[in-house]
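Written below as structure tokens is the structure these notes are about.
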Amino acid sequence: RAGLAVVAGGVVVGFPLLTTLALQTSTTSHAAVVVGLLPLTTAAFAAVRTGRRPSRTFWLAAVAGAAVVIAFTVQQSGGALSTGDLYLFGALLVCAAGYTEGGRLAREMPGWQVIGWALVFCLPLMVPAAAVALALEPVRLTAHGVVGLVWVAAGSTFFGLYVWYRGMAAIGIPRASQLQLAQPLLTLFWSVFLLGESLPLAAPVAAVGVLVCIAVTQRAKS
């Protein structure tokens with residue numbers, strides 16, 4: 001069905017491909033601006049697609065949360081623009097569309113079927129692409145690489161999206177989308193915890209601002 005094709009094209013193919021292309025000319029911290037705008041964009045897509053109109057309080061909190069995340073991210077990356085911004089903008093749009101369609105479909109079928117069928121839709125494209133990639137670059141298996149690949153495939157792509165779509169179906173797409181405001185700061189936390197990176201002084205202030213905005217969106221009518 002068309003909805004599953006949108007999920008496959010947006011979440012499975014479009015977003016990873018466009019962000020990868022963007023990272024050729026952009027830093028990871030700069031690309032995180034996409035994540036900061038994604039909750040607001042997803043809520044806007046959901047309002048158009050489902051016809052539900054969240055309250056003014058919800059929109060004010062959503063815009064404020066996006067502003068906090070973007071300001072923090074831009075401040076950390078120096079605010080410089082790059083040629084990858086066009087790719088990032090495209091990634092933002094296709095992922096928001098995929099999230100919205102996935103959340104809508106999760107009301108009609110289990111979340112694991114939504115992402116499962118989306119992955120099946122992508123097989124005709126992924127199998128030839130994998131064959132070409134293997135032919136051009138030999139595989140060098142390492143324990144770290146295998147663990148990372150398994151996590152991305154089973155954890156991040158399948159189980160993560162299964163839980164995400166199930167949550168969207170349970171509490172509504174606009175409200176669920178705003179929980180993702182915490183993702184850039186959680187990414188920062190894990191980069192400090194796992195990679196030993198330093199914690200910026202502005203991070204606690206941004207975290208408090210984001211948590212307040214999330215709390216307001218969860219209590220506001222959506």
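Under the membrane-span-like helix rule (DSSP H runs whose alpha carbons stretch at least 18 Å along the helix axis, mean Kyte-Doolittle hydropathy 0.5 or higher), the chain yields 28-50, 56-77, 85-105, 111-136, 203-219.
Among 137, 101, the ranking by other beta carbons within 10 Å of each residue's beta carbon, starting with the fewest, stands as 137, 101. Ordered by the number of other Cβ atoms lying within 10 Å of each residue's own Cβ, fewest first, 55, 198 fall into the sequence 198, 55. A Cβ-based charge dipole, computed about the Cα centre of the chain with Lys and Arg at +1 and Asp and Glu at -1, lands at about 880 debye. The slack between residue 125 and residue 49, meaning 0.36 nm per residue of separation minus the straight C-alpha distance, is 24.6 nm. By the Cα gyration tensor, the range 2-219 has an equivalent ellipsoid whose semi-axes, rounded to whole angstrom, run 27, 24, 16 from largest to smallest. Estimated from the Cβ-Cβ distance and a Förster radius of 30 angstrom, the FRET efficiency linking residue 212 and residue 190 is about 0.85.
Extending 7 Å from the Cα toward the beta-carbon at both residue 201 and residue 107 defines two label points whose distance is 4.8 nm.
Summary of the geometry: the range 115-141 and the range 33-64, compared by the centres of their Cα atoms, lie 33 Å apart. Sorting 193, 158 from the fewest to the most surrounding beta carbons within 10 angstrom yields 193, 158. Here the convex hull built on the C-alpha positions of the range 100-222 has a volume of 131 cubic angstrom per residue. Protection proxy ranking of 174-182, 207-215, by the mean of other Cβ atoms within 10 Å over each peptide's residues and highest first, is 174-182, 207-215.
Laboratory data are not the source of any read-out in this text; all were calculated from the coordinates shown. Given the structure is predicted, the values throughout are model-derived calculations rather than measurements. Counting neighbours? That spans all protein chains shown, and the Cβs are built from the backbone with ideal geometry, glycine included.
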